[in-house]
Amino acid sequence: MLKGIDPLLHADVLATLCAMGHGDDVVIADANFPADSVARHTTLGKVLRLDGADVPQAVRAVLSVFPLDTFVDAPVLRMEVVGKPGELPEVQSDVQAVVNQAESRPWPLGSLERMAFYERAKKSYAVIATSERRFYGCFILKKGVIAPDV
């Protein structure tokens, strides 16, 4: 355990988040997402697991150490509900609240159609799988930068 680090962020997750550069994507996925098969296509090449955590807990933990990209309109993308792209399921509303709290401002989520989400996820740096059982609990976060001390 480390002081000030969310205990969900085990060594493999921390090392991966640290190794990522500006503009790299990380997927945080629910229990139904094909995490293993998608992760084989990513830069890391294997799935990272946060068993026992739900998606909002995982996003909160990641955002405690991970800067979001301020150079893009939507640094957090959600998977759209099939046939209802504008619908925001409870898990997505919960993540929206976590993002807003972490960034101290409202920051609307972007969205991708389900199959487009899978293709984008394959091009990400890593996939983090959770135990979230609510449908459409799948997100892509784009890493930003940390400015120098002035």
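The values are calculated or read from the model by the stated rules, or taken from the named source; none is laboratory data. Computed from a prediction, not measured in an experiment: that's the story for all the values here. In this analysis, Cβ positions are derived from the backbone assuming ideal geometry, glycine residues included, and neighbour counts consider all displayed protein chains.
Quick notes on this one:
- Selection of first residues in the range 59-87 that are under 16 Å from V27 (Cβ atoms) and of second residues that are surrounded by fewer than 20 Cβ atoms within 10 Å (Cβ to Cβ) and aromatic (F, W, Y), restricted to Cβ pairs under 8 Å at least 6 apart or on distinct chains, gives the following pairs, ordered by first then second residue: L68/W107; P75/W107; V76/W107.
- Taken across the range 66-75, residues that are within 22 Å of L8 (Cβ to Cβ), modelled with pLDDT of 95 or more and among the β-branched types (V, I, T) do not occur at all.
- Selection within the range 109-131 - under 16 Å from L8 (Cβ atoms) and either of a type in the set (K, R) or within 13 Å of the chain's Cα centre (by Cα) (or both): A126, V127, I128, A129, T130
- Unique match (being in a helix (DSSP H, G or I), surrounded by 13 or more Cβ atoms within 10 Å (Cβ to Cβ), modelled with pLDDT of 95 or more and among the β-branched types (V, I, T)) among V62, V26: V62
- Inter-residue pairs, beta-carbon under 7 Å, first surrounded by 13 or more Cβ atoms within 10 Å (Cβ to Cβ) and hydroxyl-bearing (S, T, Y) and in the range 93-122, second modelled with pLDDT of 95 or more and part of a helix (DSSP H, G or I), 6+ apart: Y118/V38
- Subset of the range 96-122 [of a type outside the set (G, A, S) and farther than 19 Å from N32 by Cα]: Q96, V98, V99, N100, Q101, E103, R105, P106, W107, P108, L109
- Evaluating G52 against the criteria (1) part of a loop (DSSP other than H, G, I, E, B); (2) free of Cβ contacts under 8 Å to residues at least 40 places away in the same chain leaves one unmet condition, (2).
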